[in-house]
1. Of the residues that make up segment 26-44, is at least one more than 14 Å from residue 12 (Cβ to Cβ) and either under 13 Å from the mean Cα position of the chain (by Cα) or in a helix (DSSP H, G or I) (or both)?
2. Can you tell me which residues in segment 50-63 are surrounded by 12 or more Cβ atoms within 10 Å (Cβ to Cβ) and over 15 Å from residue 9 (Cα atoms)?
3. When residues of segment 6-20 are filtered for being part of a helix (DSSP H, G or I) and either loosely packed, with under 13 Cβ neighbours inside 10 Å or free of Cβ contacts under 8 Å to residues at least 12 places away in the same chain (or both), how many remain?
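Read-outs throughout are calculated quantities, based only on the coordinates presented, and are distinct from any laboratory measurement. Note that the structure is a prediction, hence the values are computed from the model and not measured. All Cβ positions, glycine included, derive from the backbone under ideal geometry; neighbour counts span all protein chains shown.
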């Protein structure tokens, strides 16, 4: 695959994603590579903060969706066509 993002940016994105996914193993594996590509702890903390915001927003959106669905404001199964392939829902 053609490299579009440099190694430092790729690592920071992956670290933020690991935080959003709440994957300790991914985070520790990725964190072990920060010195190799010149990522500072300040940059790691910034990526982690972004990942935390993504996770919090996702949690909030899902909580709202569940609340609306369980109160009949969204028909159960109405989002089935939008479910990602292979998610196990269908």
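1. Within segment 26-44, one or more residues are more than 14 Å from residue 12 (Cβ to Cβ) and either under 13 Å from the mean Cα position of the chain (by Cα) or in a helix (DSSP H, G or I) (or both).
2. If the condition is that a residue be surrounded by 12 or more Cβ atoms within 10 Å (Cβ to Cβ) and over 15 Å from residue 9 (Cα atoms), then 52, 53, 54, 55 are the ones that fit.
3. Number of matching residues: 2.
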